[in-house]
Amino acid sequence: MNKKSKLFSISIIVVLGFVLFYFGIKIYSDNQYADKLPNIPDLEGASLSFKNYLIDANTKVKNKPSSNNLGELGMVYQSNNYFKEAETCYLLAIEREPENWKWNYYLGCLKRELGDSEKAIRYFNTVLKINSTAYMASYYLGEAYSQMGLITKAEGILKRLSAMDKAHFVLKNSKRTSYFSLPIYAHLEWAKINSTTHNKDLAEKQLKTLINKQVTFSPAYKQLSIIYAEKGDTVLSKYYRDRSKDLNIYSSPVDTLLDKLSFYSKSETYLLKQIEDARRSSNSLWALELVTLGLKNIPESKYITSKAIKQFIDMNAVKRALPLLPNHIIAFSDNYQELIEVGMGLANSKQFKEAQAYFMAAENVSGEKPETRSTLAGMYYEKLGMKDKAIAFINQLLKENPNNTSVISDAVFLFLSIEDIKQAKQYLTQLKKIDSTHLDIHVLEGIICMITGNETQSIKHFELAFKVNPEKKFVIDYLETYYQKNKMWSNLLGLYQSALKKFPNDSNIQEAYGSLMINCPDETIRDLNQAKEFSERAFINNKYTLQTRVMAGRSLSIAHFKLKNYGRAVYYIHETIDIAKRARFTKDYIASLEQISSDFQELINFNK
């Protein structure tokens, strides 16, 4: 062997030696981490699919215990409520790759969820040493400092976050909608700290500033309600509580890293909470993704199926709900409220055959009170047009419960709906004999007078009905029309004010009252500030019709203009025009809105 060949052979041996040494060390290290994995928890009672899922996830990590695999196993455990096992996996992932901040973040979130603020602080601080732009970690750190009573540190963090530009917090590649950026939540938490540290006046000022900038941020209204309650001001406490209930619930900022846990979860309780949070905060696309995931991961869960059906119906995707109905109706065959809710949703989506099946299933639920069941007769007629079925069902209930005033009242309503006045009067007479003070009597008398053309008497009965029981919205509508037609402005004002006490969050009543306050022919009734407030509440209300929102936007912009808030006036009229165009309002109506905008601009330019 020549010298050159000898050197080459030695080089090959050395390289092979290094390779073998490297793989030997790696195998030894992998085995060390694999041996440290937590034991699979007791899975007695768990479904076979979940058992296999957890065993497969554990096996994957045993075969390749990389930092990423260890961390992901921690996510599997955390999202399925095995917190001790999740912590072990996260610690192993951190030990294996200390410079990866993500696993410290998840461990911090786990400790936060368990209420261990001291350890949460430790892990979030580690995150920020590695990645100073992990702003959610900063937010959670401020929150944890506050819970530990370290107020100065908490305030320092929350002040910095609340002053940051929202451009830093734009979500990318997410189906989540972030309605409010992290600085808004930081500002809220800062105000909460002031509220709990005997500085309620400053907290009140901060929250009102926040509302002025973010008028739809419901947590700020809720916190103001709490502050005023603590101050003993029940009027303002109720006012801000009512304002908060106009709006969607936004309990916490969007955390896209925590959202990822959902994709590892086969826990019914965990996914149901995520779905409900998404639905309550109007994150419909995220809710859709979660119910789709739930149906895939936990197909046996009747509660996931229920959420999915309701989400599909809400999103006008009822066809996706139809295959789920056969199993759902069996699973909830003993749940009257569930059957009625889904049945109503199907009827409103024009799936009449399926809705009928649900109503009939509800009819067969045992144990429901007669007064609960009797409303079903009206649903058969009003929602499905099943007149004969409705009559047969109410007659059956009347036979079984001849002295139940609620059943008799519902029978009168039904016979009035189908214009069988003779039968309606017969049962109304029976109702009066049993209970002459029943709350529905004046309503029913009013409807009969209305049908028979006795308007004067119908108004008298409806006014009495509204005083003793303002529950019936159609009574409010009828009185409203009558007062408007007869130019009875003071009566109309009183009607709206009383209705708002009973239905403070009804956007239709809010809009009508706001419009009266700005347009009333009797100028002594007008009140621009009330017009602005109630038109605004109707405009931002989370339960609305497009007609109501556009009308409210029109009144709101005019109120702002008359109050010389020109910037707000222009903003709201442009928003209103945009909504009207997207909703395809008539060209004439859109032109009238554009004329208002033009008039605003002309007067603004004239006054410069």
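For this structure, a couple of remarks:
- Span per principal axis, largest first, for the Cα atoms of the chain (Å): 122, 71, 51
- Reduced Cα scattering model of segment 432-517, Debye log10 I(q)/I(0), q = 0.10, 0.11, 0.25 Å⁻¹: -0.25, -0.30, -1.26
- Farthest towards the positive end of the charge dipole of segment 138-284, among the residues LEU171, ASN199, TYR139, is the Cα of LEU171, using unit charges on the Cβ of Lys, Arg, Asp and Glu.
- Solvent-accessible ranking of ASP522, ASP42, largest area first, probe 1.4 Å: ASP42, ASP522
- Over the chain, relative contact order from alpha-carbon pairs under 8 Å, at least 6 apart, %: 5 percent
- Positive dipole terminus of segment 195-294, leading residue within LEU293, SER218, LEU236 (C-beta point charges): LEU236
- Anisotropy class of segment 237-337 from Cα gyration tensor, a/c 1.5 cut: oblate
- Mean sequence separation of contacting Cα pairs (under 8 Å, at least six apart), scaled by the length of segment 33-191, corresponds to a relative contact order of 13 percent.
- Length available on full extension from THR269 to ASN454: 0.36 nm per residue minus the Cα-Cα distance, which gives 60.9 nm.
- Modelled FRET efficiency - R0 56 Å, SER592 with LYS369, Cβ distances, 0.05 increments: 0.65
- Rounded, prolate or oblate (a/c below 1.5 giving rounded, otherwise prolate when a/b exceeds b/c) for segment 340-424 by Cα gyration tensor: oblate
- Accessible surface ranking that places the most exposed of MET136, MET344 first, with a 1.4 angstrom probe: MET344, MET136
- Per-residue ellipticity at 222 nm, computed for the chain from helices alone with -39500 (n - 2.57) per DSSP H run of at least four residues, works out to -23500 deg cm²/dmol.
- For segment 391-403, the Karplus equation 6.51 cos²θ - 1.76 cosθ + 1.60, evaluated at θ = phi - 60°, returns couplings of 5, 4, 5, 5, 5, 4, 5, 5, 5, 6, 9, x, 10 Hz by residue, with Gly and Pro reported as x.
- Packing-based order for 349-357, 580-588, using average beta carbon neighbours within 10 Å, highest first: 349-357, 580-588
- Contact order normalised by residue count of segment 483-551, Cα under 8 Å, 6+ apart, percent: 29 percent
- For segment 77-215, the solvent-accessible area of protein heavy atoms averages 50 Å² per residue (probe radius 1.4 Å; ligands and nucleic acids excluded).
- Shown is the FRET efficiency for ILE434 and VAL215, computed with R0 = 45 Å from the Cβ-Cβ distance and rounded to the nearest 0.05: 0.35.
- Exceedance of the 26 Å cut-off in Cα-Cα distance is limited, within the set LYS307/LYS383; LYS238/LYS472; LYS208/LYS260; LYS36/LYS60, to LYS208/LYS260.
- Contour excess over end-to-end distance, with Cα ends at THR234 and ASN519 and 0.36 nm allotted per residue: 99.5 nm
- Going by accessible surface with a 1.4 Å probe and the largest first, ILE40, ILE590 read ILE40, ILE590.
- Three-way shape label, segment 488-576, alpha-carbon gyration tensor, a/c 1.5: oblate
The values are calculated or read from the model by the stated rules, or taken from the named source; none is laboratory data. Quantities reported herein were computed from a predicted structural model and do not represent experimental measurements. When we count neighbours, we look across all protein chains shown, and the Cβ atoms used for this are built from the backbone with ideal geometry, even at glycine. Areas reflect the complete protein model, heavy atoms only, side chains present, ligands, DNA and RNA absent. Shrake-Rupley method; radii C 1.70, N 1.55, O 1.52, S 1.80 Å.
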